[in-house]
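The values are calculated or read from the model by the stated rules, or taken from the named source; none is laboratory data. Just so we're clear, the structure is a prediction, and the values are computed from it rather than from any experiment. Backbone-built Cβ (ideal geometry, glycine too); neighbour counts: all protein chains shown.
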Amino acid sequence: MVAFIGLFIAVIAGILVGQDAAKRGMSPWVWGLFVFLILIIGLPVYLIVRKPYLNQNYVINTTTPSASLKKCPYCAELIQSDAIKCKYCKSDLTQ
């Protein structure tokens, strides 16, 4: 009975790791099988080497060209070229 529970936990862990690996752009079959076969070592190894989460809904704004940005003369952060006040250091840029 104990062996069955251990096998059940290993299968569930392998499936969950495989799903997580797929979301992170890693091979779900390799990581799922690795964790299933050697759970006690595979799970910590996966948690250490896994990649950051890939958010599929993240869209980079490409409509604003980078040429419309300038550096703030006070804090050196990039701001819009037509800004009159820096959003980072709150300095007045109208001078």
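A few points about this structure:
- Comparison of 21, 67, 10, 3 shows that the only residue that is part of a helix (DSSP H, G or I) and modelled with pLDDT under 85 is 67.
- Selection count where residues are within 15 Å of residue 16 (Cα to Cα) and out of contact with any Phe, Trp or Tyr (no Cβ under 7 Å at 6 or more places or on another chain), scope the range 41-55: 6
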